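> Please read through the structure below; I'll follow up with questions.
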Amino acid sequence: MKGVIIMALAVVVLAGCAPSAREPDNLALVRVLGVDGAGPVTLTGVCGGANQRDVSRGTCQGESFGLARDRLPWSGTEELALTSVGYLLMGRDADLTAVLFAVLEDPELGASATVWLAQDGALAELESCQDPATDLELLLRQRVWAPTAAQALAALCTEGQAVLPVVTAREGRLEIQGEEVWKINR
């Protein structure tokens, strides 16, 4: 019994000494990821909002989502990290199913990011608003429902469609325009 107690104390002490996960210094955390096109794919990363002071941005293009994703960290004025993406803003011409599969397979991107549809394309909407992460967070607090990446992909795979909220930029802010059914054979 004494050995078990000593072992339990050792685990607790060692757990306290383990390094904690944190973002590396000098990285801008992408909160909103915009996706336009099915190939080539244009990605727009917007940092800022919540606990970050400055809103910085980066845009890049690649023949596929994966290639564009690999280029995005070096597309802005500072290195962009994709570990904090909370919102996916999809253009109407994007391949939603392929993007959602890629997001769920990516160890940095998360299945909990909410999915939104951009009225006039993700890049256009993100360039027209000042702080999209804060705007989308406010819409969620106002009880606008947006599925997570996992929920949207599950709906597409089981029902053949997913309902996404549609947003547009007005006077520098993202506003809700309603919702739209995205069908798998779009």
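> List the chymotrypsin sites (Phe, Trp or Tyr not before Pro) within the stretch 99-186 that fall in a DSSP loop (any state other than H, G, I, E or B) and whose Cβ has at most 14 other Cβ atoms within 10 Å.
Sparse-neighbourhood loop chymotrypsin sites (Phe, Trp or Tyr not before Pro): W145.
> While we're looking at this one, here's another question. In what sequence, largest accessible area first, do C157, C47 appear using a 1.4 Å probe?
Descending order: C157, C47.
> Same structure again: How would D95, D120 rank on accessible area, largest to smallest, probe 1.4 Å?
So, going from the largest accessible area down, we get D120, D95.
> Quick one: accessible surface of L140, probe radius 1.4 Å, all protein chains present, in square angstrom to the nearest 10.
60 Å²
> In addition: Can you tell me the relative contact order of the stretch 59-152? Whole percent, Cα pairs under 8 Å, sequence separation 6 or more.
Once normalised by length, the contact order is 27 percent.
> Please work out how much length the chain gains when fully extended from L140 to A154, using 0.36 nm per residue of separation minus the C-alpha to C-alpha distance, in nm with one decimal.
3.0 nm
The values are calculated or read from the model by the stated rules, or taken from the named source; none is laboratory data. Since the structure is predicted, the reported quantities are computational estimates derived from the model, not experimental observations. Positions of Cβ are generated from backbone atoms using ideal geometry, with glycine treated the same way; all protein chains shown enter the neighbour counts. Surface areas here come from the heavy atoms of the whole protein model, side chains and all, with no ligands, DNA or RNA. Shrake-Rupley method; radii C 1.70, N 1.55, O 1.52, S 1.80 Å.
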